[in-house]
């Protein structure tokens, strides 16, 4: 039976989105008034390319997770596929995407800053979600929690069904949401162009 999301849990999720948005805006603002030490070095260019690859991994990974969790998150404990090796693979891929967004600036400092923001916000959200899951699924979730890492995957635990019931709508929604990460490409390219053209002054230098 589908379990309704409590008002408290819904409020936490909304706060998470708001705090995450504020953190991203602040980080983008810092990127706008900073430049990497040494300018466009080979490392700067490599980091940008690596960031794009991480964003691609994030988008594909989140969509993959949605094949297993779509429509089931609040109705049952999903413990197959990526959820057999990590309790929060969707968030794990979001961490990868957050690092990738920051890496698109060419600054390792900003890449770590974006990752730190995501980790702080999502860890707080996960803690509240876990409280709800413990109260809702009791012993079933307790057993799942005991054997499965919270974030970092343990691939020795991998389990997968022979047949998977897929909800295309959830997959497409997650894929669409993941494409938002690609906005990092035009945003930071525009900032670099504006700095080069002299429209924005780079006030600080970052590694």
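The values are calculated or read from the model by the stated rules, or taken from the named source; none is laboratory data. This is a predicted model, so every value here is computed, not measured. Cβ coordinates were reconstructed from backbone atoms using ideal geometry, including for glycine residues, and neighbour counts include every protein chain displayed.
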Would it be correct to say that residue 78 is surrounded by 17 or more Cβ atoms within 10 Å (Cβ to Cβ), touching a helix residue (DSSP H, G or I) at 6+ places or on another chain (Cβ under 6 Å) and without any contact (Cβ under 8 Å) to a residue 24 or more places away in the chain? yes
The stretch 133-178, residues that are under 23 Å from residue 118 (Cβ atoms), loosely packed, with under 13 Cβ neighbours inside 10 Å and touching a residue at least 40 places away in the same chain (Cβ under 8 Å): 152, 154, 155
Condition met for residue 118 (modelled with pLDDT under 90 and in a helix (DSSP H, G or I)): yes
Per the list (1) touching a strand residue (DSSP E or B) at 6+ places or on another chain (Cβ under 7 Å); (2) at pLDDT below 90; (3) not in a strand (DSSP E or B), residue check on residue 10 breaks on (1)
Residue that is farthest from the chain's Cα centre (by Cα), among those in the stretch 35-49 that are outside any loop (DSSP other than H, G, I, E, B) and surrounded by fewer than 17 Cβ atoms within 10 Å (Cβ to Cβ): 42
Among (1) buried (at least 16 other Cβ atoms within 10 Å of the Cβ); (2) over 15 Å from the mean Cα position of the chain (by Cα); (3) assigned to a helix (DSSP H, G or I) - the single one residue 105 does not satisfy: (3)
